[in-house]
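Right, one structure below, let's go through it.
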Amino acid sequence: MGNRRQHIIELAARVVYRQGFKGTSVENVLEIAGVGKGNFYHYFRSKDELGIAIIAEMEKWLSGAQGDEMFSPTKSPLQRLRDYIGYVTEQRHLENHGDPLGNLAAELGDTEPFVKPLRKALDALTERFEALVSEYALELGSQVQPRVVARSLVAHLHGLSTMYKVDRDEQAFDEGLKRTELILQNQVKPAVPAPQREGSYTAPE
């Protein structure tokens, strides 16, 4: 039972990521999943319930073992960011969509019953970014507000996904992704030593 439900979620998610949730019908899901209406409504009371399940899978991916691997603290902060950018780039090349979470957040972020599940998934991504920003700032001795920087990175990625959904400019999307690391570096800069005042003397160590 659980495997069939998961199968429907995974295949439906691919359609939703490409066509948008509103542009995906139950019939689209039935066709790609190879199930009848009776089977679908056995697992999901409505299309909205399927949408919530898809978002929950995103949050589970970010908060669980796969997210732990991608954002492992054994990697440098920049490598963690690069790995996530690589994942989004791969999604674009394989499935012709941008960041799946960004797409759904743009489409359903103010629509019930999706607000709370989307907020939870976005928080999971933001927290991953906040951790790498905190560590990166610590390495550089930089004083920043990690969550503010993390939110700006998430906003950049999701903004790119929204624009790509409209204009399908693959080159602009990929170039924008490459600039994500530069945005981090511009916001988290190495600490600059305070200038020594004229006439002051620092004893040699």
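The values are calculated or read from the model by the stated rules, or taken from the named source; none is laboratory data. The shown structure was predicted, so the numbers you read here are calculated from the model rather than taken from an experiment. Reconstructed Cβ throughout: ideal geometry from the backbone, glycine too, with neighbour counts over all protein chains shown.
What helices (runs of 4 or more DSSP H) completely inside segment 77-174 contain at least 1 residues that are β-branched (Val, Ile, Thr) and under 19 Å from Arg14 (Cα atoms)?
Details: elements: 77-95, 100-108, 115-140, 146-167.
Result: 77-95, 146-167.
Hey, can you tell me all the residues within segment 91-131 that are among the acidic types (Asp, Glu) and over 18 Å from Arg80 (Cβ atoms)?
If we filter segment 91-131 for residues that are among the acidic types (Asp, Glu), which is where we start, we get 95, 99, 107, 110, 112, 123, 127, 130.
Those that are among the acidic types (Asp, Glu) and over 18 Å from Arg80 (Cβ atoms): Glu95, Glu107, Asp110, Glu112.
Can you give me the number of residues within segment 90-134 that are at pLDDT below 85, within 12 Å of the chain's Cα centre (by Cα) and either surrounded by fewer than 18 Cβ atoms within 10 Å (Cβ to Cβ) or basic (Lys, Arg) (or both)?
Looking only at that region, the number is 1.
When residues of segment 145-157 are filtered for being over 12 Å from the mean Cα position of the chain (by Cα) and buried (at least 18 other Cβ atoms within 10 Å of the Cβ), how many remain?
The total comes to 2.
Only one of Ser63, Ser46 is more than 16 Å from Leu104 (Cβ to Cβ) and in contact (Cβ under 8 Å) with a residue 60 or more places away in the chain; which? I'd like the intermediate steps shown before the answer.
On the way: Ser46 fails: in contact (Cβ under 8 Å) with a residue 60 or more places away in the chain.
Exactly one of Ser63, Ser46 is more than 16 Å from Leu104 (Cβ to Cβ) and in contact (Cβ under 8 Å) with a residue 60 or more places away in the chain, namely Ser63.
As an exercise: evaluate Ser72 against (1) surrounded by 19 or more Cβ atoms within 10 Å (Cβ to Cβ); (2) assigned to a loop (DSSP other than H, G, I, E, B); (3) modelled with pLDDT of 95 or more; (4) of a type outside the set (Lys, Arg) and give the number of the one condition it does not meet.
Tallying (1) surrounded by 19 or more Cβ atoms within 10 Å (Cβ to Cβ); (2) assigned to a loop (DSSP other than H, G, I, E, B); (3) modelled with pLDDT of 95 or more; (4) of a type outside the set (Lys, Arg), Ser72 fails exactly one: (1).
Return the pair list, or none, for Cβ contacts closer than 7 Å from residues in segment 114-139 that are touching a residue at least 24 places away in the same chain (Cβ under 8 Å) to residues that are in a helix (DSSP H, G or I) and among the polar types (S, T, N, Q), at least 6 apart or on different chains.
Here the result reads Ala124/Ser63, each pair linking segment 114-139 to a residue that is in a helix (DSSP H, G or I) and among the polar types (S, T, N, Q).
When you go through (1) surrounded by 15 or more Cβ atoms within 10 Å (Cβ to Cβ); (2) more than 17 Å from the chain's Cα centre (by Cα); (3) under 23 Å from Ala155 (Cα atoms); (4) not hydrophobic (A, V, I, L, M, F, W, C) one by one for Lys22, which number turns out not to apply?
Every condition holds for Lys22 apart from (1).
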